[in-house]
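Taking it in order: structure first as structure tokens, then the write-up.
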Amino acid sequence: MENDNRVIIAGAGPVGYTAALNLAHYGIPFTLLEAEAMIKDDPRAGTIHPPSLEMFETLGVAETMIERGYIVRNYHYRDRKTGLVANFDLGVLAEDTPFPYRLMLEQHKVSGIVHDALQKHNDFSILRQHTVKNVTQSRDTVTVEVSTPDGPKSIRGRYLIGCDGGRSQVRKCMDVDFAGFTHPERFLVVSTTYNFADVGYAFTNYIADPKEWCALFKVPGWNDEGIWRVVFPTDPNLSQEELFDDDAIEARLQSFQAKKQPFEIVHRNLYQVHQRVASSYRDGRILVAGDAAHINNPLGGMGMNFGFHDVFSLTEKLAKIWTNEAEEDLLNLYDRQRRTVAEEYLQRQTIENKKNLENTDPAEREAFHDSLREIISDPAKARPYLRRASMIEGIERAASIN
Ligand SMILES: Cc1cc2nc3c(=O)[nH]c(=O)nc-3n(C[C@H](O)[C@H](O)[C@H](O)COP(=O)(O)OP(=O)(O)OC[C@H]3O[C@@H](n4cnc5c(N)ncnc54)[C@H](O)[C@@H]3O)c2cc1C
């Protein structure tokens, strides 16, 4: 068995990788366990908010992310029938952050950038095709049972951070619930090369409609020339085969944005969407972060960012414990701070975002759209609104909890 005075991280997704780079930054040895052989590039998160960029700057990787991504200084809230409702200018956050914009960069590229940055550090190992099966702990150690292509193994460390996603095996080995609900409709994500900017869309758009809302984003894509992702809700009675049918996708896109030529489709993906938060982020020496701790709908682009904020908070506390500057119960503060804001901000905001987009009551819809018009016409109102939407307020709220 290798030296066990180390932190074990389960899951090398964007959050696990970010936990790893933080530990390396603090000089804490770690072992990162990942089930897959390679970083997966399925189209999930593409939006990075200002506080995440501020945090990545402390690790020296923000610049590379900004070079590889698209800076988006404004985004649209639209109505599918009537068009533009509000054009939000993130420039009003100039006093709040050195990065008053959203960065569009796919999550697998974030993981890749962090992976490369790790290479200049020592005393860590990344073990791929190592799938966590079970976790046990004693007073001083935590033991992780993994399956590997060479058979089962047992890996021991001082703490374990479960960053192993929504279906987290680590969380299942903890004494915690994962209460909440699952949306009945799945979300269909269609990626196309069609340039929606030609017909007036911003690089980020939320488009309300009582029958079929959608969200539309431009991300750099595989060749950095740009690709557009359109997110639609789907009928729970339709199968994946029916939803992925070429003609059905073409008809859906044509009804959203009619054009003469057919759309060139690059990807189609279907996601089940949940709203859940773990009842505790700590069970002794075992902790959870990212989707293992909270899952939510993607409207607002918050889930992965929230996971980044979790691990910056957690690793800062672990570093103090590692150097005997703090007692182990500092880990309870991690749980209190991050779980509270997951409930107060992440869940509330993403549920509200979806309700606003799909609202079927014409009067309520119009009143909401009027409120957005009023917000953008007054910087004194736009700033607090965008501080919340850009996740700045959530960070400040977490810091206020002790
Ligand atoms: C369509 C869509 C769009 C989204 N857009 C955004 C966005 O713009 N902004 C945003 O902030 N969020 C967004 N999200 C959410 C975002 O994708 C997730 O919050 C993010 O992937 C969470 O990262 P994670 O590292 O916690 O988990 P994951 O990305 O799920 O990574 C978990 C890792 O753990 C590994 N693993 C799992 N089980 C085990 C095991 N037993 N042993 C070892 N390894 C294991 C997995 O292989 C994986 O590599 C979106 C989600 C969807 C579906």
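The values are calculated or read from the model by the stated rules, or taken from the named source; none is laboratory data. Everything numeric here is computed off the predicted structure, so don't read it as measured data. Heads up, the Cβs are rebuilt from the backbone with ideal geometry, glycines too, and the neighbour counts pull from every protein chain shown. Ligands, DNA and RNA are excluded from the accessible area calculation, which covers all protein heavy atoms including side chains. Shrake-Rupley method; radii C 1.70, N 1.55, O 1.52, S 1.80 Å.
Scan the range 155-179 for residues that are more than 13 Å from the ligand (Cβ to nearest atom) and open to solvent by 50 Å² or more (accessible area, probe 1.4 Å) and jot them down. Talk me through it step by step, then tell me what you get.
Filtering the range 155-179 for residues more than 13 Å from the ligand (Cβ to nearest atom) gives 156-159, 174-179.
Once the filter is applied, which keeps residues that are more than 13 Å from the ligand (Cβ to nearest atom) and open to solvent by 50 Å² or more (accessible area, probe 1.4 Å), the range 155-179 yields R156, R158, D175, D177, A179.
How many residues are among the hydrophobic types (A, V, I, L, M, F, W, C) and either surrounded by 20 or more Cβ atoms within 10 Å (Cβ to Cβ) or within 16 Å of the ligand (Cβ to nearest atom) (or both) if we restrict to the range 297-330?
The number of residues fulfilling the criteria is 9.
Would you point out the residue of the range 272-282, among those that are part of a strand (DSSP E or B) and open to solvent by 10 Å² or more (accessible area, probe 1.4 Å), that is nearest to the ligand (Cβ to nearest atom)?
Checking each candidate, the answer is H274.
Could you go through the range 91-109 and let me know if any residue there is in a helix (DSSP H, G or I), within 11 Å of the ligand (Cβ to nearest atom), of a type outside the set (V, I, T) and at pLDDT 95 or above.
yes
Among the residues of the range 121-150 satisfying the criterion of being closer than 27 Å to G27 by Cβ and assigned to a loop (DSSP other than H, G, I, E, B), which is farthest from the ligand (Cβ to nearest atom)?
Checking each candidate, the answer is R139.
Please tell me if A37 is among the small types (G, A, S), in contact with a Leu (Cβ under 9 Å, 6 or more places away or on another chain), in contact (Cβ under 8 Å) with a residue 24 or more places away in the chain and open to solvent by less than 60 Å² (accessible area, probe 1.4 Å).
no
Give the number of residues within the range 283-296 that are surrounded by 24 or more Cβ atoms within 10 Å (Cβ to Cβ) and either not in a strand (DSSP E or B) or not aliphatic (A, V, I, L, M) (or both).
Selection size over the range 283-296: 7.
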